[in-house]
Every structure is written in structure tokens, then in C-alpha cells.
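Enquirer: Questions regarding the structure given below will be posed in turn.
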Amino acid sequence: HRRRRRGHWQWHRRRRRGLGGQGEREGFGVMRVLFFGSDAASLVALRGLLRAAPGTIEVVCPPPARVGRRARELTPGPVRAFAAAEGIRIHDAPPRGPPPRRVAGGGLEEPSVLGWSPAPELIADRFDLGVVVSFGYFLPRAIIEAFPRGAINLHPSLLPQYRGAAPIQRSLINGDKETGVSVIAVDPIKFDSGDVLRQVSERIDPLDTYSSLSERLLARGTEELVDVVANFESAWAARTPQQSQFHGAA
């Protein structure tokens, strides 16, 4: 069932599912999406978006990197490799620098836009919406605000519960009976704190492992993400702010 309540994925496996039963959509085909992703989890979400609206999406990926201590060759991540093979236009995120520092008020310092492609001044003419899934970067405010409809993120918890890293692991460690997925607006100041556009719950089975639960959340989250993008205007109109605190979180 769907419940509205006041994005760091680390999936171990991938699962492909059809996207039937979404209902009539507002017009996904006219939405120009710039997708920010890197790993196998974000690739599942990208595939879901492409099945719903092929040809309307370009991607931003980290540059190829050395994998393993002794690796000599640069290896592209799953999203970059897939996009190259499918002929999807690829834009570069700059190499990762040190993480942004905390500033007064609990936010993070403003990251630089240097090295980002496309540059903020080019985004508005070419894209409507940014979609961020398991990207690993803190997006500069100038990038987020360049999109006419902003940017949204998929996160595997019932936010504001388990903001930040490893939400699936924390839910299992704490013995929760329920978790879920959230589609939220990307906030330029704090991670995982934007308004909620869609939130659905998922029961945790006593026999669930990290692998089984993450696989299920990934499939469900992809479906919800696709539906939000397809029906963006109504989802945006119904968005709700997150509570400042979730008392049941660890």
C-alpha cells in the first residue's frame, strides 16, 4: 500500500521487472531527463526509465577508475559502460575530491561546479528534470537549480528515517518490521532532506537478508521513480516536507 510520510543505495544484486499497472500517465515522452548514476543499483533504475521513455535520457557518470589495489587499467562503472554500449550520451562528473565540510546550521559547504558536464548554463535549454540514484556526489546548488523542474532522488528508507549511508543495513540491524522507499526532491544544503514526492512501505520478513531486502526495494523503488517522472506535475503538487526528526530511528 502507498503511504505518504514526513536519496545511497548499496544493492548487492539486480532484478529486472516490468512496469505494467502504472495507470495512465501525464506524458513521460516529453520529459527530458538527465540521469545521475554510477553503480549497478542506479543502472536498474536507468533501465526502468529507458523502458518507459526511450530516447529522452542522457547520463552523468563518474570518470573510469582503477578497481582494486593492483589494477592498472581504468574501468568504467556499470552505468557508464551500459550507456556507452547503448549509444546514450554520457556527460562527465569531475573526479571526486574530499567530501564537503559541515558549515554553520548543519549544512554542507557549497561544492564547485568546475569540471561538471553539462555546465549549469546549458542544462535549462536541454533538460527538464534531474534524476539522481546512487550517485555518490553532493550536487552543486547551481546544477540542481538549473533544471526547470529541479532534481529528484530515490532513497531506500521511509525518510526521514535512516538518512545518509547504509539505510538498509541499519533497518535490519535494528530489527525493524517495516521499511520502504522514498522519492524526494534533491536539497542543495543537506543530504536526503528534500520534500517527499512519493513514499511506499515494504514489510521486512524475519528471514530477509540484506540481499533479499535490497533487491525488493530496488524493484519497488524503480517502479515508483518511473511513475513519479511520468506523472511529475501531480506528484510535485502533492509533495510534503519531511519532519525534522524521526523518533524511531537509531
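The values are calculated or read from the model by the stated rules, or taken from the named source; none is laboratory data. None of the values given here were measured: they were computed from a predicted structure. Neighbour counts are summed over all protein chains in view; Cβ atoms, including those assigned to glycine, are modelled from backbone coordinates with ideal geometry. We work out accessible area using only protein heavy atoms, side chains counted, and drop any ligands, DNA or RNA first. Shrake-Rupley method; radii C 1.70, N 1.55, O 1.52, S 1.80 Å.
Enquirer: Can you confirm whether residue 166 is closer than 25 Å to residue 101 by Cβ and either charged (D, E, K, R) or over 15 Å from the mean Cα position of the chain (by Cα) (or both)?
Expert: no
Enquirer: Follow-up question, since we're still on this one. Search the range 47-76 for residues being over 19 Å from residue 144 (Cβ atoms) and of a type in the set (A, V, I, L, M, F, W, C), and hand back the single one that is nearest to the chain's Cα centre (by Cα).
Expert: 50
Enquirer: Sticking with this structure for a sec: Conditions: (1) at positive phi; (2) in contact with a Leu (Cβ under 9 Å, 6 or more places away or on another chain); (3) of a type outside the set (Phe, Trp, Tyr). Residue 156 meets all but one. Number of the miss?
Expert: For residue 156, the exception is condition (1).
Enquirer: Just wondering, is there one or more residues in the range 121-135 that are modelled with pLDDT of 90 or more, in contact with an Asp or Glu (Cβ under 9 Å, 6 or more places away or on another chain), open to solvent by less than 30 Å² (accessible area, probe 1.4 Å) and at positive phi?
Expert: Scanning the range 121-135 turns up at least one residue that is modelled with pLDDT of 90 or more, in contact with an Asp or Glu (Cβ under 9 Å, 6 or more places away or on another chain), open to solvent by less than 30 Å² (accessible area, probe 1.4 Å) and at positive phi.
Enquirer: Is it true that residue 113 is modelled with pLDDT of 90 or more, buried (at least 16 other Cβ atoms within 10 Å of the Cβ) and hydrophobic (A, V, I, L, M, F, W, C)?
Expert: No, not satisfied.
Enquirer: Determine whether the range 50-71 contains at least one residue that is at pLDDT below 95, assigned to a helix (DSSP H, G or I) and touching a Leu at 6+ places or on another chain (Cβ under 9 Å).
Expert: Within the range 50-71 (the criterion being at pLDDT below 95, assigned to a helix (DSSP H, G or I) and touching a Leu at 6+ places or on another chain (Cβ under 9 Å)), the answer is yes, since at least one residue qualifies.
Enquirer: Pairs under 8 Å by beta carbon, first residue under 19 Å from residue 134 (Cβ atoms) in the range 71-88, partner open to solvent by 40 Å² or more (accessible area, probe 1.4 Å) and among the small types (Gly, Ala, Ser), six or more apart or different chains?
Expert: 75/65; 76/84; 77/65
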